[in-house]
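K.L.:
Pasting a structure below so you can have a look.
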Amino acid sequence: MSERSAGLSFKLGRDERLTGIRRHTFDPVEVLLWALLNELSVGFSSHKPVLDRILPLLEGEGLDQVGKGADMVAYSRDDLNFVIKFPFDDGAMTLTPYFSPKIVDGFFLAQTTLGGLFAPMTDFPTAIEDGRGKTHFVSMIVQQKVRVAADVIDELRATNRTRNIAGVERAYVKLSQRAWSRGIFDTDPNWLENTGFMPDGQMVMIDVGEITKNVREFPYYEGIERRNCYVGNTLRKAFSVSNFARCYLKAPHERQFVPMPKIAKV
Ligand SMILES: Nc1ncnc2c1ncn2[C@@H]1O[C@H](COP(=O)(O)OP(=O)(O)OP(=O)(O)O)[C@@H](O)[C@H]1O
Ligand SMILES: [Mg+2]
């Protein structure tokens, strides 16, 4: 198996394109083994057609950075209806080969329970080469592109439609309550960057990093207090412990888990 690199040589600049990636003629068995060892098997069976589509995009002109969180950096292009997200190291500003355990866990939870409430996605393990002929194993998430809530709100403000912002907030309350009723909640308070609208207008979550089914976290999680500075007065009541308790289904057998569609074709 090729050498595992601590950090890939693709340096990530702010607003930079991701370029310089070369397709590697990989041995599927080698990648599968690496993927299984790293719990990345979810998308493997369907990964070839998608990789055949996205590797040339990365190889060619590259893709534009469309967003960056604490753990993942997202790339896309105006004419594409999906984003590709890679785990990255914020300090070193390089792509990293692995998803952190919280990404693996959150991905699995979303995949198995949040159908209809989460942007469809699949994880893809593959091998690529950098410009110097060195092989790297990488993991990525390919996900349906959405209009991020923060951008929608910015646009409403810019076009003097601030009254419609309440509709975005209501959509978020409804989305959260539907997730709670499946026994899942998102402890990341920054909902404006972690939710968005699908082409059919449905609001969905996009960030697997901080979703949990551990109800004991709810009353204490950073969100209730910290979320208030994000949600503002209008949403404060919606995120109270009592509202959570009303929506959250305690009995696991009553929860309607819905698997989410995987992306097998882009
Ligand atoms: N499906 C998507 N469509 C459009 N933009 C996206 C999508 N996914 C991510 N982005 C952009 O990229 C940013 C970072 O993505 P994401 O929130 O998944 O990463 P993160 O916060 O590092 O994640 P995590 O908490 O899982 O480690 C988002 O805030 C958003 O601006
Ligand atoms: Mg995020």
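K.L.:
Peptides 196-207, 238-249: what's the order by average Cβ count within 10 Å, highest mean first?
P.N.:
Going from most to least packed, we get 196-207, 238-249.
K.L.:
In addition: Ordered by packing density, taken as the mean number of other Cβ atoms within 10 Å over each peptide's residues, highest first, how do 137-146, 177-186 rank?
P.N.:
Descending mean neighbour count gives 137-146, 177-186.
K.L.:
Separate question: If you scale each eigenvalue of the Cα gyration tensor by 5 and take the root, what three semi-axes come out for segment 84-206, rounded to whole angstrom and sorted largest first?
P.N.:
31, 19, 12
K.L.:
From the C-alpha coordinates alone, can you work out the Kirkwood hydrodynamic radius of segment 59-110, in Å?
P.N.:
12.1 Å
K.L.:
Still on this structure: Cut-off is 10 Å between beta-carbons; in what order do 121, 260 appear when sorted fewest neighbours first?
P.N.:
Least crowded to most crowded, the residues run 260, 121.
K.L.:
Then there is this: Using only the Cα atoms, work out Rg/Rh for segment 133-191, with Rh taken as the Kirkwood radius, to two decimals.
P.N.:
Value, to two decimals: 1.18.
K.L.:
Within straight cross-link reach of residue 262, meaning Cα distance under 24 Å, which lysines are found once same-chain residues fewer than 8 apart are removed?
P.N.:
Within the straight-line cut-off, residue 262 pairs with 48, 68, 85, 102, 145, 174, 213.
K.L.:
Could you tell me the distance between the Cα centroids of segment 139-184 and segment 66-117, to the nearest Å?
P.N.:
When both Cα centres are located, 18 Å separates them.
K.L.:
Under 10 Å from the Cβ of residue 55, count the other residues' Cβ atoms, weight Lys and Arg +1, Asp and Glu -1, and hand me the total.
P.N.:
+1
K.L.:
Given that compact globular proteins tend to follow 2.2 N^0.38 Å, what is the ratio of the alpha-carbon Rg of segment 17-144 to that value? Write down the numbers at each step before the final one.
P.N.:
On the way: Rg = 13.9 Å, N = 128, 2.2 N^0.38 = 13.9 Å.
After normalising by residue count via 2.2 N^0.38 Å, the value is 1.00.
K.L.:
So between residue 242 and residue 170, what do we pick up on full extension, going 0.36 nm a residue minus the alpha carbon distance?
P.N.:
Residue separation times 0.36 nm, minus the Cα-Cα distance, leaves 24.1 nm.
Bear in mind these aren't lab numbers, they're just calculated from the coordinates by the rules spelled out. Worth saying up front: this structure is predicted, and the values here are computed from it rather than measured. Here the Cβ is made from the backbone with ideal geometry for all residues, glycine too, and neighbour counts use every protein chain on show.
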